[in-house]
Number of protein chains: 2
Amino acid sequence: MSDRRQPFRVGIVQEQFGDSVEGNIALLENRIEVLASRGAQLIVLPELHNSLYFCQVENTDAFDLAEPIPGPSTERFGALARRLQVVLVLSLFEKRAPGLYHNTAVVMEADGGIAGIYRKMHIPDDPGFYEKFYFAPGDTGFVPIDTSVGRIGVLVCWDQWYPEAARLCALRGAELLVYPTAIGWNPGDDPDERERQLDAWMTVQRGHAVANGLPVIAVNRVGHESDPSGQTAGIAFWGNSFVAGPQGELQKCASDSAQELFTVDIDPARAEQVRRIWPFFRDRRIDAFDGMTCRFLEEKK
Amino acid sequence: MSDRRQPFRVGIVQEQFGDSVEGNIALLENRIEVLASRGAQLIVLPELHNSLYFCQVENTDAFDLAEPIPGPSTERFGALARRLQVVLVLSLFEKRAPGLYHNTAVVMEADGGIAGIYRKMHIPDDPGFYEKFYFAPGDTGFVPIDTSVGRIGVLVCWDQWYPEAARLCALRGAELLVYPTAIGWNPGDDPDERERQLDAWMTVQRGHAVANGLPVIAVNRVGHESDPSGQTAGIAFWGNSFVAGPQGELQKCASDSAQELFTVDIDPARAEQVRRIWPFFRDRRIDAFDGMTCRFLEEKK
């Protein structure tokens, strides 16, 4: 990790998607162009941005949405990255082999090549979020990806709740954390529960920023998507895409209801300074952390 | 961890201390009596509550403040715990052997006995907080303490910034986390920096509540203490003692400037419910967490 990095500008696409993959991609191409024209050097899209969030139901037909990496999306977005000279964080439904699929983030370098991939390690399974049906747990580990704007710890959605994922990226020199996301409310939940969930989501991620002294970027969907089965009220994706600085301070946050594009400037010198006044890495009790690799630690009888 | 725990009431003592140890202890005895009269069953005191925060300077005379455990303080507060039938979390300067001292939390059971101790594992060392001079790093590990109100993960101040400490307590069945604390501002910092620091401190701890699905209690000093050396402007302990629920939601928070006593009722059934809707423990990628025991993970060349 260099402390001579230049400041850079990130662009965030908080978006609502429709059922046309071509329509979604064309929309995103437009959004990326707009953000690049505003000087964004790193542009982050929401989770599984090419389609509706198909995990509301378990449907084998949805595997038709998957594609290889490299494949059509990396080719198309890669060409755009090259033309605009921007780094892109994509989130794709990867077909790795017949019967083997992943929820995979791909970082496209500004030259159009693939800088690296991250296969989502923590896979949720909740009513309306049946991801364990679709995605095999990732095997990339928590390894940040080097790009022309810095070393990016790319994690995906459910990973947001796991301090270990953030920590391991930071220990491998990540200079920022980026979370493509698809999270929302059950429309049946009451306002207090909604507020607690949204606040918890933001708090735990801002906590990762604090604990690791680095900026955190979360980019979410927005808008309502129906449950194709009709059994539930669907998902109200809650937006609130945000950028937090290395003390967890909120630099910018989108609304819970609108499609939004915004940019934020990140200065790596801030993280360097914060880590000097709060040198948490100095004092970690690594001699006492063995239990972190355990599922649970029952009492010794 | 039982899911049949009864709700219980915690009492928080946010306090300013003076240079008389006897005066401080007498004050605390009064505070504990008041909280017990309000029904508190678990009462938490700030870090190193018997004295001024002596770590502003490195002074060998300060070792006179240390005491064995068990010792005078556990005897005196133990008698009070027994009389009032309350569980107390003390924070003492422990003399373990000549030349071997710890920053040690002691949990007194409601029968007056010692339920368990925790020796602060992460020891800070910053200008004005010269704790590495006084305290050997703890050797207890992160092991919660069983009491009549539940299994308490007791951690101390600087531990607050370490997700590993919270996680390991939770993996060992802690039902709540308790942090006796002595943290404050450098009076020379500008208001924005003060706000960021306070917010970061609260955010990272509320993040532990979220990530582990359990309540978190932080109890801090308040008020200004001078630097005995006269070299700095001293420390403005920032209060803000708080109780957060298992979604990180703030249940109650004290001011940044006043001595305060308050109680909060904690219902373990809430944590049980939250862990059902957010089953983070189910999906931890323990096969990929080996690096957590490393100081840093340099790139493989």
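The values are calculated or read from the model by the stated rules, or taken from the named source; none is laboratory data. Remember, predicted model here, so these are calculated numbers, not experimental data. Because the Cβ atoms are built from the backbone with ideal geometry, glycine has one as well, and the counts that use them run over all protein chains shown. What goes into the accessible areas is simple: the full protein's heavy atoms, side chains included, and nothing from ligands, DNA or RNA. Shrake-Rupley method; radii C 1.70, N 1.55, O 1.52, S 1.80 Å.
From the list B:Ser229, B:Ser241, the one residue that fits, being more than 9 Å from every other protein chain (Cβ to nearest Cβ), among the polar types (S, T, N, Q) and more than 14 Å from the chain's Cα centre (by Cα), is B:Ser229. Summed over segment A:185-210, the residues that are touching a helix residue (DSSP H, G or I) at 6+ places or on another chain (Cβ under 8 Å) and of a type in the set (Lys, Arg) give a count of 1. Across segment B:120-157, which residue is modelled with the lowest pLDDT among those that are open to solvent by less than 20 Å² (accessible area, probe 1.4 Å), in contact with a helix residue (DSSP H, G or I) (Cβ under 9 Å, 6 or more places away or on another chain) and within 22 Å of B:Gly234 (Cα to Cα)? Across segment B:120-157, the extreme among qualifying residues is B:Gly128. When A:Ile32, A:Ile43, A:Ile69, A:Ile25 are checked against the criterion of being among the β-branched types (Val, Ile, Thr) and assigned to a strand (DSSP E or B), A:Ile43 stands alone in meeting it.
When residues in segment A:94-131 are screened for being assigned to a strand (DSSP E or B), within 14 Å of another protein chain (Cβ to nearest Cβ) and among the hydrophobic types (A, V, I, L, M, F, W, C), 1 of them pass.
For (1) at pLDDT below 95; (2) of a type in the set (Asp, Glu); (3) within 21 Å of B:Tyr179 (Cβ to Cβ), each residue gets a yes or a no:
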site: B:Arg5; (1), (2), (3): yes, no, yes
site: B:Gly39; (1), (2), (3): no, no, no
site: B:Asp61; (1), (2), (3): no, yes, no
site: B:Asp64; (1), (2), (3): no, yes, no
site: B:Phe77; (1), (2), (3): no, no, yes
site: B:Arg96; (1), (2), (3): no, no, no
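Each residue in segment B:11-46 was checked for being charged (D, E, K, R) and crowded, with 23+ Cβ neighbours inside 10 Å, and 1 pass. Being in contact (Cβ under 8 Å) with a residue 60 or more places away in the chain and closer than 22 Å to B:Phe296 by Cβ is true for just one of A:Thr147, A:Thr140, A:Thr181. Which residue is that? Only one candidate qualifies: A:Thr147. Across segment B:220-232, a minimum of one residue is classified as under 21 Å from B:Glu47 (Cα atoms) and among the small types (Gly, Ala, Ser). Within segment B:81-100, residues that are open to solvent by less than 10 Å² (accessible area, probe 1.4 Å) sit with their Cβ atoms under 8 Å from residues that are part of a strand (DSSP E or B) and among the acidic types (Asp, Glu), at 6+ positions apart or across chains, in these pairs: B:Leu92/B:Glu67; B:Glu94/B:Glu67. If only residues of segment B:265-274 that are more than 14 Å from chain A (Cβ to nearest Cβ) and of a type in the set (A, V, I, L, M, F, W, C) are counted, the one that is surrounded by the most Cβ atoms within 10 Å (Cβ to Cβ) is B:Ile266.
Of the residues screened, A:Ala174 is one that is open to solvent by less than 10 Å² (accessible area, probe 1.4 Å), more than 22 Å from B:Glu195 (Cα to Cα) and assigned to a loop (DSSP other than H, G, I, E, B). Restricting to segment A:275-301, name every residue that is facing chain B (nearest Cβ under 7 Å), assigned to a helix (DSSP H, G or I) and open to solvent by 50 Å² or more (accessible area, probe 1.4 Å). Result: A:Asp290, single match. If you go through segment B:50-59 and keep only what is in a loop (DSSP other than H, G, I, E, B), closer than 22 Å to B:Ser20 by Cβ and either open to solvent by 20 Å² or more (accessible area, probe 1.4 Å) or in contact with a helix residue (DSSP H, G or I) (Cβ under 6 Å, 6 or more places away or on another chain) (or both), you end up with B:Asn50, B:Ser51, B:Leu52, B:Val57, B:Asn59. Residue pairs whose Cβ atoms lie under 9 Å apart, sitting 6 or more positions apart in sequence or on different chains, and linking a residue in segment B:229-251 that is farther than 15 Å from B:Met202 by Cβ to a partner that is surrounded by fewer than 24 Cβ atoms within 10 Å (Cβ to Cβ) and basic (Lys, Arg), are B:Ala236/B:Arg194; B:Pro246/B:Arg270; B:Pro246/B:Arg275. Looking only at residues of segment A:196-224 that are open to solvent by 10 Å² or more (accessible area, probe 1.4 Å) and more than 18 Å from the chain's Cα centre (by Cα), we find that the one that is farthest from A:Phe262 (Cα to Cα) is A:Arg196. Among the residues of segment B:1-22, the one identified as part of a strand (DSSP E or B) and of a type in the set (Lys, Arg) is B:Arg9. Looking only at residues that are assigned to a loop (DSSP other than H, G, I, E, B) and aliphatic (A, V, I, L, M) in segment A:231-264, which one is surrounded by the fewest Cβ atoms within 10 Å (Cβ to Cβ)? Restricting to residues being assigned to a loop (DSSP other than H, G, I, E, B) and aliphatic (A, V, I, L, M), the top hit is A:Ala258. Within segment B:17-30, residues that are farther than 12 Å from B:Leu48 by Cβ have Cβ atoms under 7 Å from residues that are open to solvent by less than 40 Å² (accessible area, probe 1.4 Å) and at pLDDT below 95 in no pair, counting only partners at least 6 apart in sequence or on another chain. Filtered by the rule that a residue be in contact with a strand residue (DSSP E or B) (Cβ under 7 Å, 6 or more places away or on another chain) and closer than 17 Å to B:Thr203 by Cβ, segment B:160-175 gives B:Gln160, B:Ala166.
Counting only residues that are facing chain A (nearest Cβ under 9 Å) and in contact with a helix residue (DSSP H, G or I) (Cβ under 7 Å, 6 or more places away or on another chain), segment B:171-184 holds 1 of them.
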